[in-house]
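Trainee: Please find one structure pasted underneath; my questions will follow.
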Amino acid sequence: MAPLTLGAKIKELRLSKHLTLQQVADQASCTAAYLSQVENDKTSPSIASLKRIAEVLGARIVDLFSEEEGEDPVVMHPEQWLGVSLPRWKADIKQMVRTVKHRQMQPFHTVIQPGGGTREDYSHHGEEFGLVLEGELTLTVGSDTYLVPAGSSFYYSSTQPHAWTNEGQAPCRVVWVVAPPSW
């Protein structure tokens with residue numbers, strides 16, 4: 001059996017909670033038509049929209065991508081990382097552990113293509129730390145914007161509205177850690 005798409009997982013979770021499209025849409029600050037397009041994989045939501053939908057459904061974004069639970073191995077090779085990105089983000093985001101259940105942090109390996117990123121502010125409980133390995137990241141936290149070049153790190157409270165983009169000409173590669181797991 002083929003794995004469920006992101007939209008199918010959202011619909012399955014919504015139906016399991018006996019919620020209508022309109023109920024979820026109202027709580028997620030979107031329209032029922034938009035949510036229907038997401039559920040039918042006709043549109044790719046922003047991180048902010050996906051976060052709101054997941055929260056209404058009592059889930060984290062990563063829960064909508066994961067297929068399996070179980071113990072994480074001590075060592076995970078890149079081919080074992082869990083992909084958690086959508087095309088509109090122009091970013092290849094991979095969670096570097098299988099599950100975040102009962103964990104204190106959530107590590108990601110992210111490669112952001114030129115022009116990619118969130119573009120839209122979002123916020124959540126916790127803190128974030130990152131190390132830019134290649135390229136340059138444009139990071140907005142609150143009303144401040146920072147250019148983070150390769151070799152530099154960043155750290156901020158995730159409760160502040162934040163967004164990230166790659167305004168450069170080359171891919172930007174970042175190791176990102178969210179604590180506690182909330183993404």
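No lab work stands behind these numbers, since they all come straight from the coordinates. Just so it is clear, the structure is predicted and the values come from calculations on it, not from any experiment. Don't worry about glycine lacking a Cβ; one is built from the backbone with ideal geometry, like all the others, and counts go over all protein chains shown.
Trainee: Could you give the length gained by full extension between Ala8 and Glu79, i.e. 0.36 nm per residue of separation minus their alpha carbon distance, to one decimal place?
Mentor: Net length gain for the segment: 23.1 nm.
Trainee: Each label point is 7 Å from the Cα along the Cα-to-Cβ direction; what then is the distance between the points at Met105 and Ser36, in nm?
Mentor: It works out to 4.5 nm between the two label points.
Trainee: While we're on this one: For Ala91, what is the net charge nearby, where nearby means another residue's Cβ is under 13 Å from its Cβ and Lys, Arg count +1, Asp, Glu -1?
Mentor: +4
Trainee: Quick one, which of (1) 16.3, 48; (2) 17.8, 56; (3) 15.6, 50 is the actual Rg and Dmax of the Cα atoms in Å calculated for this model?
Mentor: Derived directly from the coordinates: (1).
Trainee: Let me ask something else about it. Size of the stretch 116-172 along its principal axes in angstrom, Cα-based, largest extent first?
Mentor: 30, 20, 15
Trainee: In whole percent, what relative contact order does the stretch 109-183 give with Cα contacts below 8 Å and a gap of six or more residues?
Mentor: 48
Trainee: Sticking with this structure for a sec: If you average the sequence gap of Cα pairs under 8 Å that are 6 or more apart and divide by the length of the stretch 6-59, what percent do you get for the contact order?
Mentor: Taking the mean separation of contacting Cα pairs over the length of the stretch 6-59, I get 42 percent.
Trainee: Around Ala33, under 14 Å between beta carbons, what's the net of Lys plus Arg minus Asp minus Glu among the other residues?
Mentor: So the environment of Ala33 carries a net charge of -1.
Trainee: Express the relative contact order of the chain as a whole percentage, based on alpha carbon pairs under 8 Å and six or more residues apart in sequence.
Mentor: The value is 19 percent.
Trainee: I need the shape label for the stretch 78-179. Rule: rounded when a/c is under 1.5, else prolate if a/b > b/c, else oblate, with a, b, c from the alpha carbon gyration tensor.
Mentor: Judged from the Cα gyration tensor, the stretch 78-179 comes out oblate (a/c at least 1.5, b/c at or above a/b).
Trainee: Shape of the stretch 6-59 from its Cα gyration tensor (a ≥ b ≥ c, root eigenvalues): rounded if a/c is under 1.5, otherwise prolate when a/b > b/c, or oblate?
Mentor: Judged from the Cα gyration tensor, the stretch 6-59 comes out rounded (a/c under 1.5).
Trainee: On a full-extension model of 0.36 nm per residue, what is the gain between Ser123 and Ser44, subtracting their alpha-carbon distance, rounded to one decimal in nm?
Mentor: Extending this stretch completely gives an extra 26.5 nm.
Trainee: Still on this structure: Taking the stretch 25-90, which GluC sites (Glu not before Pro) meet the DSSP loop condition and have no more than 16 other C-beta atoms within 10 Å?
Mentor: Filter output for the stretch 25-90: Glu67, Glu68, Glu69, Glu71.
Trainee: For a quick check: sort Arg103, Arg60, Arg98 by the number of other beta carbons within 10 angstrom, fewest at the front.
Mentor: So the residues, fewest neighbours to most, are Arg103, Arg98, Arg60.
Trainee: Cross-chain or 8 or more residues apart, Cα under 27 Å: how many lysine pairs in the chain fit that? Count them up, please.
Mentor: Going through the chain pair by pair, I get 20.
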